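The values are calculated or read from the model by the stated rules, or taken from the named source; none is laboratory data. Note that the coordinates shown come from a computational prediction; the quantities given were computed from them, not determined experimentally. Because the Cβ atoms are built from the backbone with ideal geometry, glycine has one as well, and the counts that use them run over all protein chains shown. To get the accessible areas, we keep the full protein, side chains included, count just its heavy atoms, and leave off ligands, DNA and RNA. Shrake-Rupley method; radii C 1.70, N 1.55, O 1.52, S 1.80 Å.
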Amino acid sequence: MIPDPGLPLPVATPDNREFYAAARRGELVFQRCAACGRFRHYPRPICPSCLSREYSWQRVSGRGNVFTWTIVRGPTLPAFAHKVPYNVVDVLLEEGVHFVAEVLDCPPDAIHAGLAVVATFVPVSDEITLVKFRRA
């Protein structure tokens, strides 16, 4: 896989490496606090709810509903100019985690609050696979 040289990509770090490894396998995983049981995303070493440092990675459903969204009509970076207009959605997953991504193959006027979506995985480099969504 050769990434688009102009496309900004996430960088794998010790905190998120397992997230991207799972995405490469076609799985959506989140950290789950061992103390309070809450899922969290973005990956980080300390639970924002109870400050515990103990957690495990757990696979989640990848199903949710659009909570809110915007349609980008002017590119914020030149690398995205070819995509205009495109959507940015906040999906509330079944597990209670908000996840910001894009709904693929969905015209702007078809997006609405409550739209049922399911995670899909888009490889963009040898190391990074992005999590996006499709209408369920």
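What the table below lists for this structure:
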item: Within the range 1-50: Cβ-based charge dipole about Cα centre, in debye rounded to nearest 20 (Lys, Arg +1; Asp, Glu -1); result: 220 debye
item: In order through the range 85-102: 3J(HN,Hα) via Karplus (6.51 cos²θ - 1.76 cosθ + 1.60), integer Hz, x for Gly, Pro; result: x, 9, 9, 10, 10, 9, 9, 8, 6, 3, 7, x, 9, 8, 9, 9, 7, 10
item: Under the Karplus curve 6.51 cos²θ - 1.76 cosθ + 1.60, θ = phi - 60°, whole-Hz ³J(HN,Hα) for the range 22-29, x wherever Gly or Pro sits; result: 5, 4, 4, 7, x, 10, 9, 10
item: Rounded accessible area per residue of the chain, 1.4 Å, Å²; result: 56 Å²
item: Percent RCO, i.e. relative contact order, over the chain, from Cα pairs under 8 Å lying at least 6 residues apart; result: 26 percent
item: Neighbourhood net charge (11 Å Cβ-Cβ; Lys/Arg +1, Asp/Glu -1) for Ala101; result: 0
item: Euclidean distance between Cα centres, the range 1-52 to the range 80-136, Å; result: 16 Å
item: Local electrostatic count, Pro48, Cβ distance below 10 Å [Lys/Arg +1, Asp/Glu -1]; result: +3
item: Solvent exposure ordering (accessible area, 1.4 Å, most first) of Arg44, Arg25; result: Arg25, Arg44
item: Protein accessible area in the range 23-136, 1.4 Å probe - carbon and sulfur %; result: 52 percent
item: Nearest-20 debye value, the range 60-105 charge dipole, Cβ charges on Lys, Arg, Asp, Glu; result: 220 debye
item: Global geometry of the range 1-65, whether rounded, prolate or oblate, following the gyration tensor of its Cα atoms and the 1.5 cut on a/c; result: prolate
item: Dipole of the range 1-135, positive end: most advanced residue of Ala12, Gly74, Pro45 [Cβ charges, Cα centre]; result: Pro45
item: Dipole magnitude (debye, nearest 20) for the chain, charges at Cβ of Lys, Arg, Asp, Glu; result: 220 debye
